[in-house]
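Novice: Shown below is the structure under consideration.
What follows is calculated from the coordinates using simple rules that are stated; it is not laboratory data. These numbers were taken from a predicted model, which means no experiment stands behind them. Ideal geometry is used to build each Cβ from the backbone, glycine not excepted, and the neighbour counts take in all protein chains shown.
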Amino acid sequence: MAALNKLMARGIVPPEVHGVLDYPLAAIIIAGPIVFDFHSTAATVIALAFGAGAAVLAVGTAWPTGIVRVIPPLLHGYADLTVTVALILLPFIVGFDDSTAALLFYVIVGGAGLLATLATRFESRVPQARAMTAPQAS
């Protein structure tokens, strides 16, 4: 696991860039089934769920582009790896590989997301919050 953690911290794409790209990616994943008229209920539901998850990661990751900043960047990276690989494989596993629009969408978005994830340096650049308690007298 330590070797994978080191790999995730060595990317060339800074967290700020990845974080900015997370927001339009979530919108693309959510809009995909509507714009491309997937002819598969499974493909539509999965895309909407993954899009919602991508939005939660974008808003919740603890780097400068996050709003809530509660999700560790490394956890975000592992979630991205899992979801992008799933996007590539799910058309074949679930059985909507005969729906050309859904298949192409899943493989292209999953492949691009996987490349972006592998190229990202998952580290936190958000300064640690100071304790909001009064200093203790010695």
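Novice: Only four residue types carry charge here, +1 at the Cβ of Lys and Arg and -1 at the Cβ of Asp and Glu. Report the dipole size of the chain about the Cα centre in Debye, rounded to the nearest 20. Let's see the in-between values first.
Specialist: On the way: 6 positive and 7 negative charges, 135 e Å.
Using Cβ point charges on Lys, Arg, Asp and Glu, the chain gives about 640 debye.
Novice: Give the angle, between 0 and 90 degrees and rounded to the nearest 10, that separates the Cα long axis of helix 15-35 from the longest principal axis of the Cα atoms of the chain.
Specialist: Compared with the principal axis, the helix lies near 30 degrees.
Novice: Another one. State which stretch of the chain is the longest one without any exposed trypsin sites (Lys or Arg not before Pro), exposure meaning a DSSP loop state and at most 14 other Cβ atoms within 10 Å. Spell out each step's value before the answer.
Specialist: Details: sites that count: Arg10, Arg125, Arg130.
It runs 11-124.
Novice: Non-local amide H neighbours of Val13 (under 5 Å, H modeled in plane, Pro and chain starts lacking H): which ones?
Specialist: Thr120, Arg121
Novice: Further, regarding this structure: Helix 100-119 versus the longest principal axis of the chain: what angle, 0 to 90°, nearest 10, using Cα atoms?
Specialist: 30
Novice: Give, in nm to one decimal, the length gained when the segment between Glu123 and Ala49 is fully stretched (0.36 nm per residue of separation minus the Cα-Cα distance). Before the final figure, lay out the partial values.
Specialist: Numbers: separation 74, 0.36 × 74 = 26.64 nm, distance 2.60 nm.
Taking Glu123 through Ala49 to full extension adds about 24.0 nm, to one decimal.
Novice: Per DSSP H run of n ≥ 4, the term is -39500 (n - 2.57); total these for the chain, divide by its residue number, and report the mean residue ellipticity at 222 nm rounded to 500 deg cm²/dmol. Please list the in-between numbers first.
Specialist: On the way: 5 runs with 86 residues, N = 138.
Helix contribution divided over all residues of the chain: -21000 deg cm²/dmol.
Novice: Which listed residue (Ala27, Ala112, Gly60) has the Cα farthest towards the positive end of the charge dipole for the range 1-122, taking +1 on Lys and Arg C-beta and -1 on Asp and Glu C-beta about the Cα centre?
Specialist: After comparing all options, I get Gly60.
Novice: Return one number: the angle in degrees, 0 to 90 and rounded to the nearest 10, between the long axis of the Cα atoms of helix 41-60 and the longest principal axis of the Cα atoms of the chain.
Specialist: 20
Novice: For q = 0.09, 0.14, 0.20 Å⁻¹, what log10 I(q)/I(0) does the chain give under the Debye formula with an equal point scatterer on each alpha carbon and no solvent?
Specialist: -0.31, -0.66, -1.10
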